[in-house]
Amino acid sequence: MKLFLPALLCLAACGAAARQAPLNQPAATGQGTLAIRILSAQHAPLENASVELLSSRDSSLVRAVLAGPDGEAVFDQVSAGSYLVRASAAGHGMEYTAPFSYAGPPAAPELRLPDLVLSGQHAHNTLGEVVVSARRPFIQKLSDRIVVNVDNSIVNAGSTAMEVLERSPGVQIDQNDAISLRGRQGVTILIDGKPSPLSGTDLANYLRGLPSSAIERIDLISNPSARYDASGNAGLIDIRMKKDQRLGANGTLTAGYGQGVYPKTNAGTTFNYRNRKVNVFGNYNYAYRVGMNHLILDRNFYSDGTYTGGDLKDNAGRSPVQAHAGRLGLDYFASPRTTLGAVVNGNFNRFDRLGTNHSVVLDDQHAASSTFRTLSSNHDHTNNVTANLNFRHRFDSSGRELTTDLDYGRYHLNSLSRSGTGYYNLDGTKQQPDYVLDGDQLGLLHFTTFKSDYTTTLPKSARLEAGFKLSFVSSDNDARFEDVSSGVPVNDTTKTNHFVYRENNQAAYLNYSREQGRFSWQAGLRAEQTEVSTRQEKGDIRWDSSYLQLFPSAFVTYKLAKDQTLGLSVGRRIDRPGYSMLNPFLFLIDVTTYATGAPGLLPQFTWSYELSYTMRNLNFTLGYSHTVHDQNIAIVRFRDVFPNIPSADNVTVQIPINLASSDYFGLTVAAPLRIRPWWNSINNGNFYYQHYNGYLGGTTLHNGKPAFDVRSNNTFTLGRGWNAEANVNYNSGGQYGFMVSRPQWGLATGLQKTGFQGKGTFRFSITDIFWTDRPRATITYTNYVEKWRAYRETRVATLSFTYRFGKSTVAQARRRNTGSEEERRRAGN
């Protein structure tokens, strides 16, 4: 019965598709031809220019050809629909046509588009083949997402995935490593289109160990369709790994060195071998980075409005990280329409943290009464391995295809820790014996997923998508803590625990889309059934839950004029708690500060609405969302959430909670500008207001605060192989639950030089030049107020070098005969 819903929906979809287009039926009739001529800035024909036909709805690739000797590019067997054309050539810029509609036969068996002129200087040497990767801007605004092309930013060289995200439009990362998009938390992180099973600190450590040189692009999707998992109330961030598609043997070598307060180094290689039947690809990257986090806290405690005491805390942490990331994959082209693939990814990281805490305890007169000092160390090892088998078959040229993926992952964590605290009077004498705690934590996460998607075209420019997904997750966390203050280890029963989590998820979806004149619309429905069971060994506490939820979505676009489009979208989404958020272990930060999870944390549900207007390159999006059971990270007095556990007045705990609800109102503006032929500026702004409702720690929350985040990415073509980049960002601060953050801003710049006949690239960059991108905030409850500020290592100067070896072009015959462009976009599937 549990599998009945997914099977029923999938069979119904496939049955409908089979009635519309049987397997033995030839390609649909009613298809015509599009033709366009590609010219240089001097209006000379550009032979071998790369010309791509894109869907204007989502900018997905429909077909790619090469221009002939007269610059003519012809697309045959084109169905009626709405499209645009993108063209590029070596030594020239990339240009797009305006979106256009094609009626198809018999009304228009052939459509000739106006000539497309490519800007840029004419190349000195005519190439016999065309380079695969034309340079894209660092940030692209497409109809349904923002794309961050990682390699095309000088500043990103030598960075990590976490640092690239911090520089991406609308993305913010707070002091707890929580990632938000457009001011909203609840973002789902995908790796190559698949949700990451990691969350919280584990996810942050993974992203800090993933070098930017291994990433092709990052897609920011604020309102996904029913084809995607329903998780992520703020949207999806899809990190796509590199996969070379050039013929023959080729690859890259990368090395870099950075210096902030501490040094950072990275090195890596990508390799690829491709012929007509097989594509073997892979990469290996190593990074050694020493990070820094300096946190200043001013904590104040009250009783009935009267100040009762406080703490002044100075926390300094140093964290060397060694990260190894490897990937190996194979694509086998069984036929021009059938591809079999396999990919294995591995990440092996070591984190060594050394932290010091100096605290001054204040009495009810704000005078120092005593101090304590804590020295803590962690030695963490994570070994993460995932494997994927995939299959893809295109039935015909109309777009009918079947894809299937089977994934298995194993994530292992081992953490050894020691925390020692000394207590002192103001004259420096001992106040009480030292407290020393040792910890040994083991974590093991297994997951298996199977998914299949079927797409077919229907009459009247319609399209149907259907699929299902099965997911099985098992998480086992065992933590043992011993009090070694006396020199003899004694089990600390208040902290030792064993927590087991199981989750099964079954999902199925249908998505229908159609284009009618100036209208383009799609509607989808996704059903997800979730079963969760947990067991906490201490007290033998068990919790079980099972629920079925429906997630509808709809999108409508209307072309007001040739270069003006209006869009409306609506969708319902869910955020299930991350596995670490459910873990009830009490982790000691210092003797007055703990962190823990909440096994009873509820999923949050969100309805999101977006209205967008696009005029040429400008895009404006109005958004509203309503969330119930809003998940929030709170720092609160320990006794307010654990009233049955004795604790001192000045002990606090960081814990995930559910607020009653939240409402989000936002305006997003994307404005790419070409200020001069040599100066391109991509500007993004998010202006929003978020209102929260909830109750915690004797405090009723019914408040919000306007906020905005603006970023400008500027690239400069200086000539003779030189390029420069300057990026600036400003965040006004805003409200997140009980916390209000203050403004912060940063400036980054970089310089790039190509050499070695275009195969080598030198890059030098400095991020956060004035060291002003520092977070500050105030947390307010009726009986507790905390002010904090953090100094992170955001100012780093980096020098990197990349060298491309092997064959760097795709032969004209290969591009024309195999139609492999879509496989290239499957980046790691």
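The values are calculated or read from the model by the stated rules, or taken from the named source; none is laboratory data. Just so we're clear, the structure is a prediction, and the values are computed from it rather than from any experiment. Don't worry about glycine lacking a Cβ; one is built from the backbone with ideal geometry, like all the others, and counts go over all protein chains shown. In case anyone asks, the SASA skips ligands and DNA or RNA and just uses the protein heavy atoms, side chains included. Shrake-Rupley method; radii C 1.70, N 1.55, O 1.52, S 1.80 Å.
At least 3 residues that are touching a Gly at 6+ places or on another chain (Cβ under 7 Å) in each: list the strands (runs of 3 or more DSSP E) lying fully within the stretch 444-553 that qualify.
Per the criteria, 462-483, 497-516.
Residues TYR664, TYR624, TYR688, TYR692: which one is closer than 22 Å to GLU786 by Cα, in contact with a Phe, Trp or Tyr (Cβ under 9 Å, 6 or more places away or on another chain), part of a strand (DSSP E or B) and hydroxyl-bearing (Ser, Thr, Tyr)?
Exactly one of TYR664, TYR624, TYR688, TYR692 is closer than 22 Å to GLU786 by Cα, in contact with a Phe, Trp or Tyr (Cβ under 9 Å, 6 or more places away or on another chain), part of a strand (DSSP E or B) and hydroxyl-bearing (Ser, Thr, Tyr), namely TYR692.
Any idea which residue in the stretch 347-367 is least open to solvent (accessible area, probe 1.4 Å), counting only those that are without any contact (Cβ under 8 Å) to a residue 40 or more places away in the chain and farther than 27 Å from ARG299 by Cβ?
ASP352
Among the listed residues SER213, SER303, SER225, identify the single one that is among the polar types (S, T, N, Q) and out of contact with any Ser or Thr (no Cβ under 7 Å at 6 or more places or on another chain).
SER303 is the lone residue from the list that is among the polar types (S, T, N, Q) and out of contact with any Ser or Thr (no Cβ under 7 Å at 6 or more places or on another chain).
Tally up the residues in the stretch 331-344 that are within 25 Å of the chain's Cα centre (by Cα) and open to solvent by 40 Å² or more (accessible area, probe 1.4 Å), please.
Within the stretch 331-344, residues that are within 25 Å of the chain's Cα centre (by Cα) and open to solvent by 40 Å² or more (accessible area, probe 1.4 Å) number 1.
Inspect all residues belonging to the stretch 539-558 and state whether any of them is crowded, with 21+ Cβ neighbours inside 10 Å and in contact with a Lys or Arg (Cβ under 6 Å, 6 or more places away or on another chain).
yes
Might you let me know whether the stretch 237-250 holds any residue that is at pLDDT 80 or above, over 10 Å from the mean Cα position of the chain (by Cα) and polar (S, T, N, Q)?
yes
Is it the case, given these coordinates, that LEU362 is within 24 Å of HIS294 (Cα to Cα), aliphatic (A, V, I, L, M), over 25 Å from the mean Cα position of the chain (by Cα) and at pLDDT below 95?
no
For the stretch 318-342, what are the residues that are touching a Ser or Thr at 6+ places or on another chain (Cβ under 8 Å) and part of a strand (DSSP E or B)?
Result: ASP331, TYR332, PHE333.
Restricting to the stretch 420-445, give me the number of residues that are open to solvent by less than 60 Å² (accessible area, probe 1.4 Å) and touching a Lys or Arg at 6+ places or on another chain (Cβ under 6 Å).
So the answer is 2.
Residue check: is ARG410 closer than 30 Å to ALA554 by Cβ and either in contact (Cβ under 8 Å) with a residue 60 or more places away in the chain or surrounded by fewer than 20 Cβ atoms within 10 Å (Cβ to Cβ) (or both)?
Spelling it out, it is not the case that ARG410 is closer than 30 Å to ALA554 by Cβ and either in contact (Cβ under 8 Å) with a residue 60 or more places away in the chain or surrounded by fewer than 20 Cβ atoms within 10 Å (Cβ to Cβ) (or both).
Which residue pairs have Cβ atoms closer than 7 Å, lie 6 or more positions apart in sequence or on different chains, and pair a first residue in the stretch 600-619 that is farther than 22 Å from ARG576 by Cβ and of a type in the set (A, V, I, L, M, F, W, C) with a second residue that is open to solvent by 30 Å² or more (accessible area, probe 1.4 Å) and not in a strand (DSSP E or B)?
MET615/ASP563
Does SER417 count as open to solvent by 40 Å² or more (accessible area, probe 1.4 Å), of a type in the set (Gly, Ala, Ser) and either under 29 Å from ASN583 (Cα atoms) or modelled with pLDDT of 95 or more (or both)?
no
Quick one: which of PRO211, PRO197 is more than 30 Å from LEU602 (Cα to Cα), surrounded by 22 or more Cβ atoms within 10 Å (Cβ to Cβ) and at pLDDT below 80?
Answer to the check: PRO211.
Considering only the stretch 719-747, how many residues are under 19 Å from THR802 (Cβ atoms), open to solvent by 50 Å² or more (accessible area, probe 1.4 Å) and touching a strand residue (DSSP E or B) at 6+ places or on another chain (Cβ under 8 Å)?
Number of matching residues: 1.
Take the residues of the stretch 560-598 that are within 30 Å of ALA527 (Cα to Cα) and of a type in the set (S, T, N, Q): which is surrounded by the fewest Cβ atoms within 10 Å (Cβ to Cβ)?
Selected residue: SER580.
GLY409 - would you say it is outside any strand (DSSP E or B) and either out of contact with any Cys (no Cβ under 8 Å at 6 or more places or on another chain) or at pLDDT below 95 (or both)?
Criteria not met by GLY409.
Any idea which of (1) surrounded by 15 or more Cβ atoms within 10 Å (Cβ to Cβ); (2) without any contact (Cβ under 8 Å) to a residue 40 or more places away in the chain is the one GLN654 doesn't satisfy?
(2)
Anything in the stretch 470-495 that is among the basic types (Lys, Arg) and either touching an Asp or Glu at 6+ places or on another chain (Cβ under 7 Å) or at pLDDT 95 or above (or both)? List them, or say none.
Once the filter is applied, which keeps residues that are among the basic types (Lys, Arg) and either touching an Asp or Glu at 6+ places or on another chain (Cβ under 7 Å) or at pLDDT 95 or above (or both), the stretch 470-495 yields only ARG480.
Which of (1) buried (at least 20 other Cβ atoms within 10 Å of the Cβ); (2) modelled with pLDDT of 50 or more does GLY68 not meet, given it meets every other one?
Here GLY68 meets the rest and fails (1).
Would you check if GLY750 is open to solvent by less than 50 Å² (accessible area, probe 1.4 Å), at pLDDT below 95, under 25 Å from ARG240 (Cβ atoms) and assigned to a loop (DSSP other than H, G, I, E, B)?
So GLY750 fails the test.
Among the residues of the stretch 534-579, write down those that are of a type in the set (S, T, N, Q), closer than 30 Å to ASN477 by Cα and in contact with a Phe, Trp or Tyr (Cβ under 7 Å, 6 or more places away or on another chain).
Correct list: THR534, GLN536.
Inspect all residues belonging to the stretch 434-449 and state whether any of them is hydroxyl-bearing (Ser, Thr, Tyr) and under 28 Å from ASN347 (Cα atoms).
Yes, the stretch 434-449 contains at least one residue that is hydroxyl-bearing (Ser, Thr, Tyr) and under 28 Å from ASN347 (Cα atoms).
Name the single residue that is surrounded by the fewest Cβ atoms within 10 Å (Cβ to Cβ) among those in the stretch 622-649 being at pLDDT 90 or above and among the hydroxyl-bearing types (Ser, Thr, Tyr).
Ranking the candidates gives TYR624 first.
Only one of (1) modelled with pLDDT under 90; (2) surrounded by fewer than 21 Cβ atoms within 10 Å (Cβ to Cβ) fails for LEU601. Which number is that?
Among (1) modelled with pLDDT under 90; (2) surrounded by fewer than 21 Cβ atoms within 10 Å (Cβ to Cβ), LEU601 violates only (1).
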